[in-house]
Each structure stands twice: as C-alpha cells, then as structure tokens.
1. Please identify the pairs in which a residue from the range 125-152 that is aromatic (F, W, Y) has its Cβ atom under 6 Å from the Cβ atom of a residue that is modelled with pLDDT of 90 or more, counting only partners at least 6 apart or on another chain.
2. Against the condition surrounded by fewer than 20 Cβ atoms within 10 Å (Cβ to Cβ), within 17 Å of I70 (Cβ to Cβ) and of a type in the set (V, I, T), how does V218 come out, does it pass?
3. Of all residues in the range 129-167 being over 16 Å from V211 (Cα atoms) and among the hydroxyl-bearing types (S, T, Y), which is farthest from the chain's Cα centre (by Cα)?
4. Just to be sure I understand, how many residues within the range 149-171 are surrounded by fewer than 19 Cβ atoms within 10 Å (Cβ to Cβ) and under 15 Å from V34 (Cα atoms)?
5. For the range 43-76, give me each residue that is surrounded by fewer than 20 Cβ atoms within 10 Å (Cβ to Cβ), charged (D, E, K, R) and in a strand (DSSP E or B).
6. Which of the residues belonging to the range 176-235 are charged (D, E, K, R) and out of contact with any helix residue (DSSP H, G or I) (no Cβ under 8 Å at 6 or more places or on another chain)?
7. Check S208, S178 and return the single one that is closer than 23 Å to V62 by Cα and touching a Ser or Thr at 6+ places or on another chain (Cβ under 9 Å).
Amino acid sequence: MPRTRLVTSAALAALLVAPVAGAVPAGAAGAPTVSSLLAASGRALTGQPGVHLVVTTDRQGVHTVAVADIGRSAGHESYTSGAERFDVGVSTAAAYLSGSPSGLHALMGLSPKQVGKVGAKWIVMKKGSTQYKEFWLNLTAKGFGAILPTAKGTRLLGAHDVTTGGYQLRWTTPKSGSASASTTTLVIAAGARALPLSEEVAAAGASSLTVFSHWGEVVRFPRPSATIAYAKVFG
C-alpha cells in the first residue's frame, strides 16, 4: 500500500483585509530578513499542539481536496478526488484507513479483492509497523519543521500578502526526476507569532494551495467502531 502524503494546494476566498498592524514592509528599516523570519517562525512552531489544514490541488484538470487536523499525538486526513475518497487517522496506539471502494483501489492501490474485504470498515495498522510509522510522520506535529525552507535560495518579497498581511517567502525547486520545476510562496504571519498561514506551489500543469488555521488546537482521533486488521486485508 503506498504512503499517503499531504500535497500543498487550494484557492483562498477573495476576501481582502488590511495588513496586520505593525507589519513592516520588506526592505524598510526594522524589516525582518529571510533568516530572522525563518528563525522566528521556527520558534513559533515549537510547542504548537496542532493545526487545521485545507489543501487543494489542480493537476492536469484533476481537482483534489485534502482536509486534515495534525496534532502531537493524533491526526486525521480526508482526501477527495472526484468521486474517490479515503480517510486516514492515527493515534498513539494505531493508524487507521478507510475510504470509498474506488478511492481505496485507485488512490491507495488496493486490489478489488482487498477492497471487498474492507467494505465499510477501517483497516488497523498497529503501532510499530512500517505503515503506522509512515502515517504517524505524515499526520503528527513532527512534520511541522518541514514546512519551512532553508534560508539559502529563499527570498523575502517586498509586498505583503494582500489577503492576510503576512510576509511572503518565495523559492524555486529545480526539476528532479519525474518532478517538474516549481515555485513556492509561503506566507508567514507578520504579528507577534510568526506562524505559517498559507503555502502556494506552482508548477507546469499543476498548482496547489495549503491554508493553515486553528494553530494551537488539540487533536484527537478515537478508535473507529468497525475495524479489520491489516494482515486480514493484505495477508
């Protein structure tokens, strides 16, 4: 079963708000540098218990949406692409996977026979298994540090983001293997807490937007009532 991964993406509502009070234009006296902004954001991310994400992606005419809550000891993601859907949850005890028949087959790689075994149940992956570790890394706060880029190759734009008033960091990732070159714009709050607000990625034939909200939320994922062991599906 392939690993799921949150892809950056989505269109923010066109609500224009005034820049955050106290925001200093890039280049002005007292303005942050790339290094100081990344350092401030790194400090703000340390100790955050959780965050809500909405990720939308458009790739060659295919629109996908991922909604996730990522916490320190639990997380949950719902991923939808057309009529195909899957849900993943993780706690300190186990990871869980469910979805529509087409979602489990087309998105997660289960065979029709395996999909039939799952039905409306959640597949359980015990703590310590390879599958559990992959979902745990993807859906808990250990991944927060990966949001921020390195200072090298990153520039701070002169204008603030018109939607949030936050500072904009931009960098380019060169083509690698089958992955196209891409340009990423990360918006970081200009207030007292320099937390990420959004991340937009543009590449040939694809674009995505991730919107971060509810920083500080406590995330829990209770064990689903109807489950089936991983070994019974893939054994």
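The values are calculated or read from the model by the stated rules, or taken from the named source; none is laboratory data. Model, not experiment: these values are computed from the prediction. Using ideal geometry, Cβ is built from the backbone for each residue, glycine included, and neighbour counts are taken over all protein chains shown.
1. If the second residue must be modelled with pLDDT of 90 or more, the pairs left are Y132/A95; Y132/M125; F135/V88; F135/V90; F135/A95; W136/V90; F144/L45.
2. Numbers: surrounded by fewer than 20 Cβ atoms within 10 Å (Cβ to Cβ): yes; within 17 Å of I70 (Cβ to Cβ): yes; of a type in the set (V, I, T): yes.
Judged against the criteria, V218 is a match.
3. In this case the residue turns out to be S129.
4. Let us first name the residues in the range 149-171 that are surrounded by fewer than 19 Cβ atoms within 10 Å (Cβ to Cβ), namely 149-155, 157-159, 162-163, 170-171.
When the remaining residues are screened for being under 15 Å from V34 (Cα atoms), the result is 149-155, 157-159, 170-171.
Going through the range 149-171 one residue at a time, the tally reaches 12.
5. D58, R59
6. E200, E217, R220, R223
7. Values: S178 fails: touching a Ser or Thr at 6+ places or on another chain (Cβ under 9 Å).
Result of the check over S208, S178: S208.
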